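Some notes on the structure that comes next.
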Amino acid sequence: MSFPSTFVTRFFQLVNNRQFTEAQRQLQRLKEKIQRTEWNHGYYRALMGLYLAGKANGNNYTFLSRLKTDDMEILERHRNDFLRHIHRRFHSDFDRGFFSAWSDYTRLLITIRKEQKSTTGSPSQTSIIQYSESIKKAA
């Protein structure tokens with residue numbers, strides 16, 4: 001549970017904006033900064049999967065390509081599903097880390113959509129900063 005929130009937020013932003021070269025660099029920086037624990041390994045693997053799924057745009061078999069990022073209800077439903085997996089006793093630390101990354105990503109998407117609704121424009125840097133601060137408070 002020691003992923004630097006600003007690095008993770010930046011990574012999510014880069015993947016969301018399809019800037020994969022920089023996202024890969026950010027992922028490498030994250031890998032160098034984290035401690036070697038099962039939870040961190042699961043979180044990192046989810047980030048790697050997110051990166052690869054984003055890069056393989058149009059692959060109907062990936063969760064990311066089928067995720068309707070403009071539908072708040074669906075995003076919140078997925079986030080709640082990920083949160084349920086995090087809190088299940090029978091999941092390993094690896095699994096909890098994995099689902100935590102996806103929960104954090106869907107929380108970012110929800111924050112961006114809320115910001116878009118209020119400003120009716122494109123996602124702003126403010127929403128990314130607000131998201132980063134909400135992660136710090138949750139930790």
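The table below lists the values:
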{"quantity": "Top-ranked residue in the stretch 49-59 [being touching a residue at least 12 places away in the same chain (Cβ under 8 Å) and within 14 Å of the chain's Cα centre (by Cα); ranked as surrounded by the most Cβ atoms within 10 Å (Cβ to Cβ)]", "calculated": "LEU50"}
{"quantity": "Some residue of the stretch 62-82 being surrounded by fewer than 17 Cβ atoms within 10 Å (Cβ to Cβ), modelled with pLDDT of 90 or more and either closer than 20 Å to LYS114 by Cβ or over 16 Å from the mean Cα position of the chain (by Cα) (or both)", "calculated": "no"}
{"quantity": "Test: ARG88 is over 28 Å from HIS41 (Cβ atoms), surrounded by fewer than 19 Cβ atoms within 10 Å (Cβ to Cβ) and at pLDDT 80 or above", "calculated": "no"}
{"quantity": "Subset of the stretch 3-48 (residues that are assigned to a loop (DSSP other than H, G, I, E, B), under 15 Å from the mean Cα position of the chain (by Cα) and in contact (Cβ under 8 Å) with a residue 12 or more places away in the chain)", "calculated": "PHE3, PRO4, ARG18"}
{"quantity": "TYR105 vs. criteria at pLDDT 90 or above and in contact with a Phe, Trp or Tyr (Cβ under 9 Å, 6 or more places away or on another chain)", "calculated": "no"}
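The values are calculated or read from the model by the stated rules, or taken from the named source; none is laboratory data. Model, not experiment: these values are computed from the prediction. Note that we place each Cβ from the backbone using ideal geometry, even for glycine, and neighbour counts take in every protein chain shown.
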